[in-house]
């Protein structure tokens, strides 16, 4: 197959659920952890409460927080035992040792300091009869001072590579409604995170914001404010382009999808592409260029771009001009039209499907936004797949995050999010300096919003509902699809691409899909169906 089919271009992600409204002026007024009051708050620049008005939205009463996981999470090692309290972190020092990371118990100088500190703590705790320690002979006072000393010692001496345990302890305290414990833990967590620190410190900064937003029931407001306060489209495209260049995630998705479409439609004279996340449409530039170079002449191509109404309003007529320019430059007939409707509201008659065209449907990092049976009894996610199947498409391409956050209860979902985005932040860390303003903008503009939504929101207000490929596979098969085999040539091209980035990127084939990962964590899946 001609390698031209497997080129790729940059695109802007969706701007779904955008609203020109924001946080009410009094929303954070009562919060001890007011994001705007902290100069280190990673999201502090988003909140201009004098400019926007209150957003009205209905509260969904049916929480999607199920009692059981729909699938085992890849990070279930965190869940095999209960998350330790700060006291247990000290008592079981093995919890502070991570594979591949130095332990302060294994290093000479640090070991000596820790022994000395433990001896001092032990002396203080054992001095029950020493009035200089107690200030009183009261055993009650001794117990209270012991507790405080333990808490202060542990939380102030947790090494940086134990920040994960601290964050998980915060999430557990919040889930168990232990407000006092949560406030103490989150205070220490906030002092340990930094948007210019190492990967876990940077991710931790946004996860702390998500935890606070969840506590104050303001997660949806933050998510919407992040949308409506995003930079103008030119700046946002710049941030997405930066992420596109430094990490292979988007290239992987575009190449896999374009390759499957090119293979399925290689002998077709008329092709209709329905893109459920048209964004800036640049995924299709290289594919159209390749189709234009076919030996038998170019096919006639129609592209139907689906996007939410606000995103289309922001984008203007740029897509029409772009596809017109491509059509003229490469001498390929291209028609383009938009359908400004949320994906789950799409009806068959809106798509103008014609019997003499080969139909290709593209779901690029979008289908997880559509609610499923855990949110709506009508199950819009599976209903959408059945509607697409009724169109008899030649091929359907699916690219999704390989994460299990849909029906997982809050604490497992928090751990899964922490594990997933830790890998993403690590992959960014090897390509951009930690003090880079561009890196800060990439992580804040492209990733932080999703992190906050997963942690802070429930019910219909939680938009980010990722599923593992195994679950997507079941959904597609139940809708009547069969897997379309991905080309081994595409696989080899992507492997070559990964070699240009880092040896830590991985690519595995499993159950007919390709899984792109970082070290031992799968991050994205690509598959095709018909």
Stokes-Einstein D for segment 456-516 at 10 °C, 1.306 mPa s, Kirkwood Rh over Cα pairs, in µm²/s? 111
Inter-centroid distance (Cα atoms) of segment 421-494 relative to segment 250-291, Å: 20
Hydrodynamic radius by Kirkwood, which averages 1/r over all alpha carbon pairs of segment 345-392, in angstrom: 12.0
For labels at residue 348 and residue 194 in the simple 7 Å Cα→Cβ model, what's the distance in nm? 5.9
Mean separation of Cα pairs under 8 Å and 6+ residues apart, divided by the residue count of segment 396-530: what relative contact order is that in percent? 36
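Cut-off is 10 Å between beta-carbons; in what order do 211, 319 appear when sorted fewest neighbours first?
Placing the least packed residue first, the sequence is 319, 211.
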Test of understanding: ordering 370, 431 by Cβ neighbours within 10 Å, fewest first, what list do you get? 431, 370
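Checking a compactness column here: for segment 396-530, what do you get for Rg(Cα) / (2.2 N^0.38 Å), N being the number of residues? If you can, show how the numbers build up before the last one.
Details: Rg = 16.2 Å, N = 135, 2.2 N^0.38 = 14.2 Å.
Cα-based Rg divided by the globular estimate yields 1.14.
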FRET efficiency for residue 492 and residue 328, using Cβ-Cβ distance with R0 set to 51 Å, rounded to 0.05: 0.95
Most exposed first, judged by fewest Cβ atoms within 10 angstrom, 207, 350 run 350, 207
Shape call, segment 314-360: gyration tensor on alpha carbons, a/c limit 1.5: oblate
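Quick note: the coordinates plus some simple rules give every number you see, no bench work behind them. From a predicted model like this one, the values you see are computed outputs, not experimental measurements. Note that each Cβ is placed from the backbone with ideal geometry, even for glycine, and that neighbours are counted across all protein chains shown.
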